[in-house]
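A quick write-up on the structure given underneath.
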Amino acid sequence: MSRASTPVIDPVELTRDLIRIPSVTPADEGAMDVLERHLKALGFTCRRLAFEGPGGEGVHARIENLYARRGTASPNLCFAGHTDVVPTGPSDQWSSQPFNAEVKDGVLYGRGAVDMKGGIAAWVAAVSQVIADGEPAGSLSLLITGDEEGPALHGTKRVVEALAAEGEVIDACVVGEPSSSQQLGDMIKVGRRGSLNTWITVHGKQGHVAYPERAANPAPVIARLMARLNDHVLDEGYENFPPSNLEITTIDIGNPATNIIPAQATARLNIRFNPSHTGDALIDWLNREAGAMQAETGLQITLEHLCSGEAFLTEPGAFVEAVQDAVEAVAGRRPEASTTGGTSDARFIRALCPVLELGLVGQTMHQIDERVPTAELETLTAVYRRVIETVFERL
């Protein structure tokens, strides 16, 4: 492809085109088609990877994913992101309709503007600029999923597994999540805590409250167990990470009667854990605690676990420093290397290569009136361009 024929993409207009597609997770509604059309025009070879299976709460889902690559040389620098968005909430509370992608006073409004259609558009625009100036010094790839905001069962996780099985080599990856805190480029995410959900059921025996000897009340047992788990100090922190925390998210009995001892009681908890732990080790601990409580009370206690990601950290080195230097050169500030926040698809990509997150300011993500200044999209495009150039110089 000649330089003259290379289209230079406007990040604001591409963001608007993507926002106009109501790709509320797990629906695609053509978002991947828009992205693939632009990437093919830039010389990328595009592969669609669609996976089907049970989604959240057992709902069957078909997820559209895209892996696109341009070039065969090393290093292969990948950008990862997602085209699915969270629901809009009440549309009448928006300043403009959430999928109209209106620009008012230099600010673009719409669901996905920040999280993260704006980041995708800025990267594609940056790539178009790099290519227009000459052939890149390595390969560029994009891993885009439609299943980040949902259960994340058939998105990046399965694409990573497929690429690994094929022997695809990715040398470094930038995830376009809105990592900036107050100003563009003030923070990158170089690691994340792991996340473990556990569902606990205490099985008792229903009976009349006046005859407790004929029943077995699970309520005080679930209360004691949850208090014991809640009082346990998991750790005092880990280098570059805050302490792990266990949060009880619900305790349920659902007993409408005033004179019945319930038959069972349930609870759910979430643990966000640093690299002091693994998901399996925490599961073993929870099982032991439940087993001990079962032995003390004689009531059966069952647990179900789902570890959605392990803790990880991308250590300081050439890749992290290249990104920090690039951000500082364009935005005038050196980003803090942080591990704060929730989970992201970086937890799956880490199995392939070093990974970090760099994107827009996340103040309005998931909110009514999600929005981004158009100037910030332009600046992020310039940052991404410098990231590509700097990473190719140093890896």
**Request:** Using +1 at the Cβ of each Lys and Arg and -1 at the Cβ of each Asp and Glu in region 5-97, identify which of Leu77, Pro26, Phe51 lies farthest towards the dipole's positive end.
**Result:** Leu77
**Asked** What nm distance separates the two modelled labels at Asp133 and Asp235, each placed 7 Å from Cα along Cα→Cβ?
**Response** 4.1 nm
**Complete:** Per its Cα gyration tensor (rounded if a/c is under 1.5, else prolate when a/b beats b/c, else oblate), region 88-247 is best filed as prolate
**the chain: angle of helix 374-394 to the longest principal axis, Cα-based, in degrees nearest 10** = 80 degrees
**Request:** Would you work out the relative contact order for region 104-197, in percent, from Cα pairs under 8 angstrom that are 6 or more residues apart?
**Result:** 27 percent
**Request:** Determine the sum of side-chain charges near Lys189: Lys and Arg each +1, Asp and Glu each -1, restricted to other residues whose C-beta is under 13 angstrom from that of Lys189.
**Result:** -1
**Message:** As I understand it, the dipole of the chain uses +1 on the Cβ of Lys and Arg and -1 on the Cβ of Asp and Glu, about the Cα centre. Which of Gln129, Asn197, Asn100 lies farthest toward its positive end?
**Reply:** Asn197
**Message:** With an 8 Å Cα cut-off and a minimum separation of 6 or more residues, compute the relative contact order for region 1-113 in percent.
**Reply:** 28 percent
**Item:** the chain, accessible area per residue, ligands and nucleic acids excluded (1.4 Å, Å²)
**Value:** 42 Å²
**Prompt:** Which value in nm describes the separation of the simple spin-label points at Arg333 and Gln93, placed 7 Å from the Cα toward the beta carbon?
**Reply:** 2.8 nm
**Prompt:** So what are the three principal axis dimensions of region 287-395 from its Cα atoms, in whole Å, longest to shortest?
**Reply:** 64, 39, 20
**Asked** Once a ≥ b ≥ c are taken as the square roots of the eigenvalues of the Cα gyration tensor of region 137-199, is the result rounded (a/c under 1.5), prolate (a/b larger than b/c) or oblate (a/b not larger than b/c)?
**Response** oblate
**D (Stokes-Einstein, µm²/s), Kirkwood Cα radius, region 156-248, 1.002 mPa s at 20 °C** = 113 µm²/s
**Message:** Suppose we keep just the DSSP beta bridges with both residues in the chain; what percent of those would be antiparallel, to 5?
**Reply:** 75 percent
**Fill in**
For region 79-164, shape from the Cα gyration tensor axes a ≥ b ≥ c, cut at a/c of 1.5 then a/b versus b/c, turns out oblate
**Request:** Would you please state which residues of region 310-343 a label at Glu378 would reach in this model, taking the label point 7 Å out along Cα→Cβ and a backbone N cut-off of under 17 Å?
**Result:** 330-332
**Fill in**
Length-normalised contact order of the chain, Cα under 8 Å, at least 6 apart, in percent, tallies to 24 percent
**region 253-395 - percent of accessible surface contributed by carbon and sulfur, probe 1.4 Å** = 46 percent
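The values are calculated or read from the model by the stated rules, or taken from the named source; none is laboratory data. Computed from a prediction, not measured in an experiment: that's the story for all the values here. FYI the Cβ positions are ideal-geometry reconstructions off the backbone, even for glycines, and counts take in every protein chain you see. Remember, those area values only see protein heavy atoms, side chains included, never the ligands or the DNA or RNA. Shrake-Rupley method; radii C 1.70, N 1.55, O 1.52, S 1.80 Å.
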